[in-house]
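**Q** Can you keep this structure in mind? I'll have questions shortly.
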């Protein structure tokens, strides 16, 4: 389950984040950079104000990678009673020595390492973090005017980070000028945390005060733990971008068509040995029939993002060589139909550089047929009585 981390500057903003349902209260001073630290008395006041209703984290500041300074700062912040201390891992200095120095603190305070997608992050340090007792790692952005997280790391690379953290039994978090349209795309990767500041603030960006309505809008896009979609009076507009469906799709369910056309990627594809040596351009077209939410579309809570389709294709292509266009088309169809609101999908995959013109395949698949195909397999797998 992905949790929402809301960055606040003190007790007043913490109250706003709590009222909107944030899962983790994260203390930082946004006027002092990506990991600007707040004073320890403000941290203590916020911990007292939250009163254990949610975990509280605090950043250690933009510290140079000197083991003595890092350890002393982390100890001071840990003494305030926070649940997590976040430490920026910067390429200058000696980050490995700093990580090892914190091994004595890690058993008493949960430590989260923060790498920066726009500052040459050394993700080879992940095993050392685990060995030193760190609870988790995040990828963020350091220069908040230099673009969002997805401008620096694509979904395939971010998925690799999440998978690596999970293999090490560490928390995986993603942040970095995230906006509402990024949320459904990143939820597919199943990170443990999504962190926000700017998207929660009013006019003026991340240094402005938290806006309760914007905090609620972000909260509504992230599934709540223990969500029961069978309860009456569920607001399906809020569930729309989360991938939840109100009921199993039927043939007469009203749908909208979400289109991706002329999407071209370099792909390692083909049955010939020579086609394993270099990628070739492949064009994709996908039409997904998506169940309506019953409300007029006003924001990301009301729509099925086409980015879910293009990101899915990118991750499939990034997984390695595929022998047949038919295989790739089936994989894409299965990925798109994995979203419960999709009732049908048409997928076209075309190789553009064969020397014999443009060749490819187009397939149509439905949820109804997919579920029918699953039933015999489930029956065979059932234990014999």
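The values are calculated or read from the model by the stated rules, or taken from the named source; none is laboratory data. Remember, it's a predicted structure, so these values are computed and weren't measured experimentally. All Cβ positions, even for glycine, are placed from backbone atoms using ideal geometry, and neighbour counts span all protein chains on display.
**Q** Among the helices (runs of 4 or more DSSP H) contained in the stretch 127-205, which hold 3 or more residues that are in contact with a strand residue (DSSP E or B) (Cβ under 7 Å, 6 or more places away or on another chain) and under 23 Å from residue 57 (Cα atoms)?
**A** 155-167
**Q** When the residues of the stretch 246-293 are narrowed to those that are surrounded by 12 or more Cβ atoms within 10 Å (Cβ to Cβ), out of contact with any helix residue (DSSP H, G or I) (no Cβ under 8 Å at 6 or more places or on another chain) and assigned to a loop (DSSP other than H, G, I, E, B), which ends up modelled with the lowest pLDDT?
**A** Among residues in the stretch 246-293 that are surrounded by 12 or more Cβ atoms within 10 Å (Cβ to Cβ), out of contact with any helix residue (DSSP H, G or I) (no Cβ under 8 Å at 6 or more places or on another chain) and assigned to a loop (DSSP other than H, G, I, E, B), the one modelled with the lowest pLDDT is 253.
**Q** Here is a list: 13, 101. Which entry is assigned by TED's automatic domain parsing to the domain that holds residue 212, part of a helix (DSSP H, G or I) and in contact (Cβ under 8 Å) with a residue 60 or more places away in the chain?
**A** None of the others qualify; the one that does is 13.
**Q** Just checking, does the stretch 77-88 include any residue being in a helix (DSSP H, G or I) and buried (at least 19 other Cβ atoms within 10 Å of the Cβ)?
**A** Taking every residue of the stretch 77-88 in turn, at least one turns out to be in a helix (DSSP H, G or I) and buried (at least 19 other Cβ atoms within 10 Å of the Cβ).
**Q** Is one or more of the residues making up the stretch 54-63 touching a residue at least 12 places away in the same chain (Cβ under 8 Å), loosely packed, with under 15 Cβ neighbours inside 10 Å and over 22 Å from residue 11 (Cβ atoms)?
**A** yes
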